[in-house]
Amino acid sequence: MSAGFADRLYLPGGGPVHTLPPVCKLVAVLAFTVVVVATPREHLAAFGGYLVLLLAVAAVARVPPGFLARRLLIEVPFLAFALALPFFAHGERVDVLGLSLSAEGLWGAWNIVAKGTLGVLASLLLAATTRPHLILGALRSLGMPGILVQIAGLMLRYFEVIAAELDRMRIARESRGFQARHLGHARVVAQSAGALFIRAYERGERVHLAMLSRGYTGAMPPLGTDGERGGAVPWLIALSLPAAALAVAVAGWLPVR
């Protein structure tokens with residue numbers, strides 16, 4: 001895969017996290033996410049411990065906090081639903097800053113925000129220390145169906161194509177003196193979105209024909225990293241993250257019992 005949208009998430013480096021086999025890192029992130037999701041939402045301290053663990057990994061990998069913070073903005077649209085839960089959920093109501101909010105909705109919002117943010121942060125660390133084609137190779141090595149690996153790879157590459165098309169449309173609008181400044185321009189923006197959908201569909205057909213003309217038969221060639229699973233030491237290093245998270249989770253259970 002050539003440099004593109006997904007490579008913007010990658011931060012070149014030569015630290016111990018970068019050099020771990022991609023399969024080890026992928027399994028570690030999946031195991032860490034399972035531990036986070038399985039943690040009861042009431043164990044507030046456990047989520048703080050998970051955050052500390054991820055920040056420690058970021059420090060070892062030399063991934064700047066600002067690098068992660070900017071990319072965490074991708075989850076903002078998904079968190080809008082969580083922030084609405086306290087207002088619309090049923091159940092006991094509590095007063096917070098003069099607002100009547102649902103207690104169950106507050107817990108639900110916290111559950112989504114905490115677990116979602118930790119999951120996205122773990123994924124960003126994986127992407128920041130592993131090139132996209134290596135992650136795809138790790139997925140194939142772990143037994144993911146080849147068609148799903150192809151879809152993921154083409155999706156990542158096609159993001160760059162769509163972004164370039166959108167940028168050309170923006171330049172064309174601005175060259176004609178148009179700039180979206182208020183809600184009155186919503187119609188033009190909506191028409192641009194529709195045109196982008198048509199162009200993306202047509203571009204996808206041309207890309208598919210180009211792949212067929214180059215011998216594509218429904219299966220992508222090996223990525224070169226398929227089957228690379230690493231030795232015992234890399235696995236011990238990678239699995240130390242989910243192991244530490246599991247220890248934090250168990251410690252969170254002890255006071256409850």
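Restricting the search to segment 180-198, which residues are surrounded by 11 or more Cβ atoms within 10 Å (Cβ to Cβ) and more than 16 Å from Glu165 (Cα to Cα)?
The answer is Ala180, His185, Val188.
Check Val94, Val76 and return the single one that is over 23 Å from Val34 (Cα atoms), in the same structural domain as Leu11 (by TED's automatic domain parsing), of a type in the set (Val, Ile, Thr) and surrounded by fewer than 19 Cβ atoms within 10 Å (Cβ to Cβ).
Being over 23 Å from Val34 (Cα atoms), in the same structural domain as Leu11 (by TED's automatic domain parsing), of a type in the set (Val, Ile, Thr) and surrounded by fewer than 19 Cβ atoms within 10 Å (Cβ to Cβ) holds for just one of Val94, Val76, which is Val94.
May I ask you to verify whether Leu136 is within 23 Å of Pro12 (Cβ to Cβ), surrounded by 18 or more Cβ atoms within 10 Å (Cβ to Cβ) and not assigned by TED's automatic domain parsing to the domain that holds Leu44?
In short, no.
Looking at Gly153, is it of a type outside the set (Ser, Thr, Tyr) and free of Cβ contacts under 8 Å to residues at least 24 places away in the same chain?
When the stated conditions are applied, Gly153 does not pass them.
Tell me, please, whether a residue that is charged (D, E, K, R) and under 29 Å from the mean Cα position of the chain (by Cα) can be found in segment 85-96.
Within segment 85-96 (the criterion being charged (D, E, K, R) and under 29 Å from the mean Cα position of the chain (by Cα)), the answer is no, since none of the residues qualifies.
Say whether the condition of being of a type in the set (Ser, Thr, Tyr) and free of Cβ contacts under 8 Å to residues at least 60 places away in the same chain is met by at least one residue in segment 33-52.
no
Please pick out the residue among Ala69, Ala61, Ala38, Ala82 that is more than 20 Å from Ala247 (Cβ to Cβ), loosely packed, with under 12 Cβ neighbours inside 10 Å and in the same structural domain as Leu136 (by TED's automatic domain parsing).
Selected residue: Ala69, the only one of Ala69, Ala61, Ala38, Ala82 that is more than 20 Å from Ala247 (Cβ to Cβ), loosely packed, with under 12 Cβ neighbours inside 10 Å and in the same structural domain as Leu136 (by TED's automatic domain parsing).
So, in segment 160-179, how many residues would count as being among the small types (Gly, Ala, Ser) and part of a loop (DSSP other than H, G, I, E, B)?
1
Which of (1) in the same structural domain as Pro40 (by TED's automatic domain parsing); (2) modelled with pLDDT of 80 or more; (3) of a type in the set (Lys, Arg) is the odd one out, the single condition Arg176 does not satisfy?
(1)
Rundown of residues vs (1) hydroxyl-bearing (Ser, Thr, Tyr); (2) closer than 30 Å to Ala163 by Cβ, yes/no style:
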residue	(1), (2)
Pro21	no, no
Leu44	no, no
Leu54	no, yes
Arg62	no, yes
Phe81	no, yes
Leu85	no, no
Ser100	yes, no
Ala109	no, no
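Would segment 142-164 turn up any residue that is touching a Cys at 6+ places or on another chain (Cβ under 9 Å), surrounded by 15 or more Cβ atoms within 10 Å (Cβ to Cβ) and of a type outside the set (Val, Ile, Thr)?
Within segment 142-164 (the criterion being touching a Cys at 6+ places or on another chain (Cβ under 9 Å), surrounded by 15 or more Cβ atoms within 10 Å (Cβ to Cβ) and of a type outside the set (Val, Ile, Thr)), the answer is no, since none of the residues qualifies.
The values are calculated or read from the model by the stated rules, or taken from the named source; none is laboratory data. Just so it is clear, the model here is predicted, and its values are computed rather than measured. Note: ideal-geometry Cβ built from the backbone for every residue, glycine included; neighbour counts use all protein chains shown.
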